[in-house]
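Structure first, commentary second.
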Amino acid sequence: MSSHTFRFRFRIASKRGGMFAFEQPEVDVAVSESLTLEFAARDAESLDKATNYHIDAGGFSSEQAAREAAEALRVRLRLLNAILNLGLNIPTEDKISGQVSAEIKQKLKAERGETVVDSIWGINVYPDDGLHFEYVFGGNVEVRPSDPSYIFEGLKTLWELDISIDSTSEIALHILGLSTHETSDKAAFLASYLALEQLIDRKPRSEAARSQISRFQQELAEVSAANPTALAGQELQSLSGALAALNEESFSSALTRFGKGINAPALIKGVSPQKFLSACIDARNKIAHKAEPNTKIPLGELAEGLREVVLGLIWTRNKLPPFSMKTPPSAICIPPGGMQIRVM
């Protein structure tokens, strides 16, 4: 049995500086009795000036155990990001983002017995022996919460919960996470609307309606067979596909039906769920037709409300346990600039 232990490094980023308003370069966070996370700045001298970070943890008995813990961290951070609208960029896949040459790696290994690990955007697992390190290139950046520890408190709360989500919820959560990166209210709204689309079931149309659609498709095929130049194969395929899509109700109809069944909350952004979702449908249709979405509820608030609806559906369909937490007000700080290369 191997006596080696392993550690993981999970890289994330934020769209603005000051998200983690700690003046130290790194902070330790005990999320359970057996696991402490080391949260470090990558592109600045302290966390409050950084926009790129990594989270380390070590002492795992195997590479698989380290990776499983890192994956557990990934899903909880994604949920926390969506719940608190943090604007964090949390990778769902792992890829190499930086490397040093093989010659340098070999030289360091031969001269000092140390191993340079590649920079991975996402999760990297390697031996926890003090002989593996990464070269990090850093820069600088800023609006910060007045008490940044609330993020870690949220992570600790989620860590204690039994969390498992289905593949549909995974897709919706990923899209919702992307919406938190958007600085445009319109883009954030559209991404949130798309996340909701993943979670709303559409009912099939009546047998009579589907029979009529099938008849239309058959008539198109007959016209094309009789005169291929009048209705070419590609156009026939496109029209037939459009008719096939009509076998299910439209998303707007499904969403309207879903809204009528909501009993709680009684209000979303100050209006009933039915009126809120109707405003979302109206805004989306105006954007789709390149019209300015002048709605009574601003797009930014529509996006926030949709985020709440999506999270509520994810929680409900996966039977996740309830939890609550508080968020502090924000403070503003403008830090100085800088650039450096560090070993981490």
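Read-outs throughout are calculated quantities, based only on the coordinates presented, and are distinct from any laboratory measurement. This is a predicted model, so every value here is computed, not measured. Neighbour counts are summed over all protein chains in view; Cβ atoms, including those assigned to glycine, are modelled from backbone coordinates with ideal geometry.
Taking θ as phi - 60°, what are the ³J(HN,Hα) couplings along the stretch 18-28 by the Karplus curve (6.51, -1.76, 1.60), each to the nearest whole Hz, with x for Gly and Pro?
x, 4, 10, 7, 9, 7, 7, x, 8, 9, 8
For the stretch 232-292, what Kirkwood radius comes out of the mean inverse Cα-Cα distance, in Å?
13.8 Å
Among the DSSP beta bridges whose two residues both lie in the chain, what percent are antiparallel, rounded to the nearest 5?
95 percent
Which GluC sites (Glu not before Pro) does the stretch 31-107 hold that lie in a coil by DSSP with at most 16 other beta carbons within 10 Å?
33, 93
First obtain the Kirkwood hydrodynamic radius of the chain from its Cα pairs, then insert it into the Stokes-Einstein equation at 4 °C and 1.567 mPa s, and state the resulting D in µm² per second as a whole number.
Diffusion coefficient, whole number: 55 µm²/s.
Give a residue-ordered list of calculated ³J(HN,Hα) values for the stretch 32-41 (Karplus: 6.51 cos²θ - 1.76 cosθ + 1.60, θ = phi - 60°; whole Hz; x for Gly, Pro).
7, 5, 9, 9, 10, 9, 9, 9, 10, 7
Label 7 Å along Cα→Cβ of residue 318; the stretch 71-99 residues with amide nitrogen under 20 Å?
Residues 71-94 fall inside that zone.
Could you calculate the FRET efficiency of residue 35 with residue 174 from 1/(1 + (r/R0)^6), where r is the beta carbon distance between them and R0 is 35 Å, rounded to 0.05?
About 0.90, to the nearest 0.05.
Mind checking the full-extension length gain between residue 291 and residue 187? Use 0.36 nm per residue of separation minus the Cα-Cα distance, one decimal, nm.
36.0 nm
Bin all alpha-carbon pair distances of the stretch 21-77 at 5 Å intervals from 0 and give each bin's fraction as a whole percent.
Going from the shortest bin to the longest, the percentages are 4, 18, 25, 22, 17, 10, 3.
Residues with amide H under 5 Å of residue 120's amide H, sequence separation 5 or more or different chain, H placed in the peptide plane at 1.01 Å from N; which?
Hits under the 5 Å cutoff: 97.
Over the stretch 279-318, consider all pairs of different Cα atoms and compute the Kirkwood hydrodynamic radius from their mean reciprocal separation; express it in Å, one decimal.
When all Cα pairs of the stretch 279-318 are included, the Kirkwood radius is 11.0 Å.
When Lys and Arg each count +1 and Asp and Glu each count -1, what net charge do the other residues less than 10 Å away from residue 298, Cβ to Cβ, add up to?
Cβ neighbours under 10 Å give a net charge of -1.
Using the Karplus curve 6.51 cos²θ - 1.76 cosθ + 1.60 with θ = phi - 60°, what ³J(HN,Hα) values do you get for each residue of the stretch 305-320, in whole Hz, with x for Gly and Pro?
x, 5, 4, 5, 5, 4, 5, x, 5, 4, 4, 5, 5, 9, 6, 7
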